[in-house]
Amino acid sequence: EFNSSRLEAWTGLPTESTGNELNVTKICLKREDYVPNNSYVSALSEFAQPVIPFISFNTEVTSIHSNNESEHKVSISTIDNQHYKADAVIVTVPLGVLKSQSISFHPELSAEKLSAIDHLGMGLLNKVYLFFSCEEPFWPKELDIIGVALSPGEYKENCNMKSMDDEALMLRVMTPLLSLFPQTCPNRPDSFYRTAWRSDKFARGSYSALQCQSKLEDRVALAQPHDEVVFFAGEACSLDHPSCVNGAAING
């Protein structure tokens, strides 16, 4: 059975936002998870090599104008007033960026697509990376993942991680480890790193999730072309593998 804390861990949303647990858990349980040996860079580097010379890095897009009757059907503007012309464009920004409306579309997106953007939820799951200098792991070597069950309401507390000072954060993450491994776990790590996906202007969250007013048709509507030359892709547009890297790769 999926209790509320496990559902929150899958979706990155509080249970009162997800509503229909059955639809969400059916999607989650269809797939297996794989962890890259190093990082996603290693998984993407082979695919990225051919196009790297054509990528404009550190270039923030602010608006996309489309006009089927012009010679170049799409005009893309950036925050530093650069302009790019193209025959078509594929928009793969996270759903959270679309929700923030930091990119304007001309003509405006259809009511159906705007509704889909509004209805789909953008989950938030941050991570704290702990670095220990101990010679041997203090946890069983055969385990890839150590799960800790949260109590109802703890998800909302953890969402406030960004506002926690270092001491409060260490208390939050080290307490379960010290409880599980009281004889071997150090009192605190040598160093740590925390993510802050909600405040990242190029993400605005971790990944999409169905919430109370969401339906699968919203993902279909989000994936539909706009003005025939502006296309959308990414995990939020995937029906079979939403919220996952493979969903983004296959869909995009």
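Some observations on this one:
- Exposure ranking of Lys201, Lys73, Lys141 by accessible area [1.4 Å probe, largest first]: Lys141, Lys201, Lys73
- Net length available on complete extension from Glu167 to Ser63 is 33.3 nm, with 0.36 nm assigned per residue and the Cα-Cα distance removed.
- Counting heavy atoms of the protein chains alone, Glu71 has an accessible area of about 150 Å² for a 1.4 Å probe.
- FRET efficiency, Ala88 to Phe202 (Cβ-Cβ, R0 35 Å, nearest 0.05): 0.95
- Put Asp200, Asp218 in order of accessible area, highest first, and with a 1.4 Å probe you get Asp200, Asp218.
- Here Asp144 sits with roughly 150 square angstrom of accessible surface, probe radius 1.4 Å.
- With all protein chains modelled, accessible area of Arg172 [1.4 Å, Å²]: 80
The values are calculated or read from the model by the stated rules, or taken from the named source; none is laboratory data. As the structure is a computational prediction, the values presented were derived from the model and not from experiment. No Cβ is skipped: glycine too gets one built from the backbone with ideal geometry, and neighbour counts run over all protein chains shown. Calculation scope for accessible area: heavy atoms of the full protein, side chains included, ligands and nucleic acids excluded. Shrake-Rupley method; radii C 1.70, N 1.55, O 1.52, S 1.80 Å.
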